[in-house]
Amino acid sequence: MTSTPKNFRSICTKIICIGRNYSEHASELGNTVPTKPIIFMKPPSAFVIEPNDIKIPSEWDEVHHEVELGVIIDKKCQNVSKEEAEEYIAGYCLALDMTSRKLQNELKDQGLPWLLAKGFDTSCPCGDFIDKNEINLSSSVNLWLSVNGTMRQSGHTRDMIFSVPDIIAFISKYITLERGDLILTGTPAGVGSVKRGDQIEAGINGENDLKYTMKFNIT
Ligand SMILES: O=C(O)/C=C/C(=O)CC(=O)C(=O)O
Ligand SMILES: [Mg+2]
């Protein structure tokens, strides 16, 4: 076993996502702020990396963008405490949680699961592995996203309702986390629509010149 799962996309068996983890985003969609993490999943077939495109399923006209910090798990863990959580992190990545908001709302109205709205092929674009030493969990990183050169989202991880250790402790109480698993930690405010022909650029900026960007065409 290597020391860090840089190849997380090929060994990942679970993409677990947190919803409504920034109060401004919860409010912009008319949702209440949660008192416990809200979790849902995407299948690993949702992964897409540059230079491939984000493909909107043929019968849909648009999807929403959500920029998020991804956390990559280093080793199997069950029921870890907040204090122990960092030990189980291999690293991070910039990730997008592409969402059919229209379908999600229809499913929500019927009390049905969100999977199709969130888990279609290419709904989880993500960037390069970022070593855990590059992000200090006690500091904040800026996540941003632009569409066709216009800034849509810019948020800071310090505004997350549930911190990365809170999230790992919560999930691992119920679901075993394994090496390569990816956790999407929720999106800041500013989500919105993209259509075929648009281009998304997203980035993460932090301390010590931490800077990663990625670009995807929408087809
Ligand atoms: O509850 C809703 O209407 C929507 C929730 C989400 O899409 C949650 C997220 O994926 C997020 O907050 O990042
Ligand atoms: Mg999301």
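The values are calculated or read from the model by the stated rules, or taken from the named source; none is laboratory data. As the structure is a computational prediction, the values presented were derived from the model and not from experiment. Every residue, glycine among them, receives a Cβ derived from its backbone with ideal geometry; neighbour counts consider all protein chains shown. Calculation scope for accessible area: heavy atoms of the full protein, side chains included, ligands and nucleic acids excluded. Shrake-Rupley method; radii C 1.70, N 1.55, O 1.52, S 1.80 Å.
Okay, here's what the table says:
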item: Principal-axis tilt of helix 164-174 within the chain, Cα atoms, nearest 10 degrees; result: 90
item: Carbon plus sulfur fraction of accessible area for the chain, probe 1.4 Å, in percent; result: 47
item: Segments 127-135, 193-201, 90-98 sorted - mean Cβ within 10 Å per residue, highest first; result: 90-98, 127-135, 193-201
item: Sequence-distant residues sharing a close amide H with MET41 (under 5 Å, placed H); result: CYS17
item: Which listed pairs, of LYS173/LYS211; LYS36/LYS118; LYS36/LYS215, have C-alpha distances above 30 Å, in listed order; result: LYS173/LYS211; LYS36/LYS215
item: Point-charge dipole on Cβ atoms (K/R +1, D/E -1) for region 120-180, about Cα centre, debye to 20; result: 160
item: Paired Rg and Dmax values of region 27-93, which use every Cα atom, in angstrom; result: 16.3, 46
item: Pairs from LYS42/LYS132; LYS75/LYS102; LYS42/LYS82 whose Cα-Cα separation, in the structure shown, is over 31 Å; result: LYS75/LYS102
item: Rounded to the nearest 20 debye, dipole of the chain from Cβ charges on Lys, Arg, Asp, Glu; result: 400
item: Cα-based shape type of region 69-203, given that a ≥ b ≥ c are square roots of the gyration tensor eigenvalues and the cut on a/c is 1.5; result: oblate
item: Residue-level accessible surface for VAL164, protein heavy atoms, 1.4 Å, Å²; result: 10
item: Exposure of TYR212 as accessible area (Å², to 10), given a probe of 1.4 Å and all protein chains; result: 60
item: Extension reserve of the GLU28-ASP128 stretch, reckoned as 0.36 nm per residue once the Cα distance is removed; result: 33.0 nm
item: Per-residue ³J(HN,Hα) for region 149-155, Karplus 6.51 cos²θ - 1.76 cosθ + 1.60, θ = phi - 60°, Hz, x for Gly and Pro; result: x, 9, 5, 10, 10, 8, x
